[in-house]
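Note sheet for the following structure.
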Amino acid sequence: MKFTPESFRAWEQKKITLLGMSGVGKTYISALLRRHDWFHYSGDYRIGTRYLDEPILDLIKQQAMRVPFLRELLRNDWIDIRNNIKIQDLGPVLSFVGKLGNPDFAGLSLPEFSQRQARYREGEIAAMKDVPEFIRKAREIYGYDHFVNDVGGSLCELEDDSVIDLLASHTLILYIKVTSKDEEDTLIRRAQSDPKPLYYRPAFLAENLPVYMAEKGLEFVAQVEPNDFTRWVFPRLFHSRVPRYEAIAGPHGYTVTSREVALVKNPEDFLALVETAIARAPALAA
């Protein structure tokens, strides 16, 4: 959706998709708005509770069956296992995505890792295609006037134009961009200090995994130390995603900076920031 500052201000039921790398402030803004009567739609929460719920449970049960005590309890239906995914804690989703490498360090083989990556991608596409229905539910069932779509950092990796077209036709897309080297370094250091499972486009992984293995002198994926690879690849992933975000925001949305987002303290600040982004969009395009 495209606006002038005036038409955005007059838009009675605002619907905004937040786009950008993990750590730039998407969930901060979403949580702030949720406390002020906005419906918060978390893409990863929807993936975990709807599209990966059964695979996550199967994975947990598979691990539990390796423990004789738990095996007996499960086989006799004496215990039940369920996911406890929260918007602010998506641990089960991350555990399912997993990390590539040495099984002695909880790494996955390349075929298993690729299969899980593909299932996550399918789940993310499906979750984004649910957005129009949740906009309706937010208004008609729960009585929310405004809607914020908090998408995963990997949205730009899906290579499915229909998803972007759908989001652009139902929401205002707002890209949160890292603009300074210091902020970029901070985000990268934060990710490397606590390496979490990530989604990689197959072509990106196929290009970068051999480079890593050659640098480390490794012959087999099973020799890869999962956390070390995640730390090594993250800066490359970060820089590969930037032009992909910009290719979405340019024709379909608007851009603000992570520094501007950090100054937002209330919904009024946020709406004023969106108006600013709309007002300067032609200058940015030039």
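Brief remarks on what is shown
- Filtered residues of region 136-168 (kept if small (Gly, Ala, Ser) and more than 18 Å from residue 35 (Cα to Cα)): 152, 153, 154, 162, 168
- From the list 73, 32, the one residue that fits, being over 27 Å from residue 121 (Cβ atoms), within 22 Å of the chain's Cα centre (by Cα) and in a helix (DSSP H, G or I), is 32.
- Output for region 134-156, where each listed residue is polar (S, T, N, Q), crowded, with 24+ Cβ neighbours inside 10 Å and either part of a helix (DSSP H, G or I) or modelled with pLDDT under 95 (or both): none
- Restricted to region 10-29, and to residues there that are assigned to a helix (DSSP H, G or I) and modelled with pLDDT of 95 or more, the residue that is farthest from residue 125 (Cα to Cα) is 10.
- Across region 236-286, the number of residues qualifying as of a type in the set (Phe, Trp, Tyr), surrounded by fewer than 19 Cβ atoms within 10 Å (Cβ to Cβ) and under 13 Å from residue 19 (Cα atoms) comes to 0.
- Taken together, the residues in region 182-227 that are part of a loop (DSSP other than H, G, I, E, B) and under 19 Å from the mean Cα position of the chain (by Cα) amount to 8.
- Residue among 219, 207, 159 that alone is touching a residue at least 12 places away in the same chain (Cβ under 8 Å) and not small (Gly, Ala, Ser): 159
- Residue match in region 81-94 (condition: hydrophobic (A, V, I, L, M, F, W, C), in contact with a Ser or Thr (Cβ under 7 Å, 6 or more places away or on another chain) and in contact (Cβ under 8 Å) with a residue 40 or more places away in the chain): yes
- Applying the criterion of being of a type in the set (Asp, Glu) and either in contact with a Lys or Arg (Cβ under 8 Å, 6 or more places away or on another chain) or over 13 Å from residue 149 (Cα atoms) (or both) to the residues of region 37-53, the residue that is modelled with the highest pLDDT is 37.
- Selection of region 95-115 for residues being without any contact (Cβ under 8 Å) to a residue 60 or more places away in the chain and surrounded by fewer than 19 Cβ atoms within 10 Å (Cβ to Cβ) yields 104, 111, 112, 115.
The values are calculated or read from the model by the stated rules, or taken from the named source; none is laboratory data. Being a predicted model, the structure only gives us computed values, none of them experimental. Here Cβ is always computed from backbone atoms with ideal geometry, including for glycine, and neighbour counts include all displayed protein chains.
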